[in-house]
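The values are calculated or read from the model by the stated rules, or taken from the named source; none is laboratory data. From a predicted model like this one, the values you see are computed outputs, not experimental measurements. Please note: Cβ atoms are built from the backbone with ideal geometry, for glycine as well, and neighbour counts cover all protein chains shown.
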Amino acid sequence: MSVLQSNLLSAAFKRLDLKKRLVVLDMGHASSSTVSFFNHFRCRLSFVDMHNESFITCPNLDLSHEELVAQMTELLNLDANIKIDICLFWDLFNYLNDAMIKALIEALEPHINHSTSGYVIGTRDSRNQLPFYQYGIVDKNNLTENDGSGIQGTIYPRSQRDLNKLIDYFEIDRGQLLSEGRAEYLLFENRDSDKSDRSII
């Protein structure tokens, strides 16, 4: 295990009322460090690791958008009235094709409100590949990265601009370069977002 400094994760917490019970959706491996970190908060923490789901690792390109949304919704298995405060996407978007990202974002939409933040680790641009890691949280400024288990899935490297166009009501608020060809992005809900081309990093 190694530690990776984050310059953006702490900003997601600054928007929250930490006196209330937080709802956190972690879309990666269930990391013991993440569990320990959120034990310091009044928090509902859910893990939904999609990386090894068969419909993602072996995508059926004949599925309609509606069918993909239904699969994503079933996998998320979120209570109808739940609203997410922080969504830790980690590097998941890099393993989803464009259609899957759009389906995931639509499946999440009923659970997103104006205060929801998202945290993403992506490639710096569409030419970069991605190291095979599983991530967790040490504290608001530091992450853990462990070697991934099993076989790394197909990578869909995207530029920040291309990702921003796919995430609909989310908008990349800021980005920061990381090591090994990666970047971290902070997403905020913005249903009035202007998706005009702009670069943050």
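Could you please find all residues in segment 8-30 being in a helix (DSSP H, G or I), surrounded by fewer than 18 Cβ atoms within 10 Å (Cβ to Cβ) and in contact (Cβ under 8 Å) with a residue 24 or more places away in the chain? SER10, ALA11, PHE13 - these are the residues of segment 8-30 that are in a helix (DSSP H, G or I), surrounded by fewer than 18 Cβ atoms within 10 Å (Cβ to Cβ) and in contact (Cβ under 8 Å) with a residue 24 or more places away in the chain.
Filter segment 60-87 down to the residues that are in a loop (DSSP other than H, G, I, E, B) and crowded, with 16+ Cβ neighbours inside 10 Å, then identify the one that is nearest to the chain's Cα centre (by Cα). Ranking the candidates gives LEU78 first. Checked against the criteria, ILE56 counts as modelled with pLDDT under 95, surrounded by 15 or more Cβ atoms within 10 Å (Cβ to Cβ) and of a type in the set (Val, Ile, Thr).
Of the candidates SER36, SER2, SER46, the single residue that is out of contact with any His (no Cβ under 6 Å at 6 or more places or on another chain), under 19 Å from PHE93 (Cα atoms) and small (Gly, Ala, Ser) is SER46.
For every residue, the table says whether it meets (1) closer than 17 Å to ALA12 by Cα; (2) buried (at least 19 other Cβ atoms within 10 Å of the Cβ); (3) touching a Ser or Thr at 6+ places or on another chain (Cβ under 8 Å); (4) of a type in the set (A, V, I, L, M).
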residue	(1), (2), (3), (4)
SER159	no, no, yes, no
GLY175	yes, yes, no, no
TYR185	yes, yes, no, no
ASN190	yes, no, no, no
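Only residues that are under 15 Å from the mean Cα position of the chain (by Cα) and not in a strand (DSSP E or B) were counted across segment 132-154, and they come to 0.
Quick one: is SER117 within 17 Å of PHE47 (Cα to Cα) and among the hydroxyl-bearing types (Ser, Thr, Tyr)? Criteria met by SER117. Scanning segment 155-193 for residues that are basic (Lys, Arg) and either free of Cβ contacts under 8 Å to residues at least 12 places away in the same chain or not in a loop (DSSP other than H, G, I, E, B) (or both) turns up ARG161, LYS165, ARG174, ARG182.
Screening SER33, SER46 for residues that are touching a strand residue (DSSP E or B) at 6+ places or on another chain (Cβ under 7 Å), assigned to a helix (DSSP H, G or I) and at pLDDT 95 or above leaves exactly one candidate, SER33.
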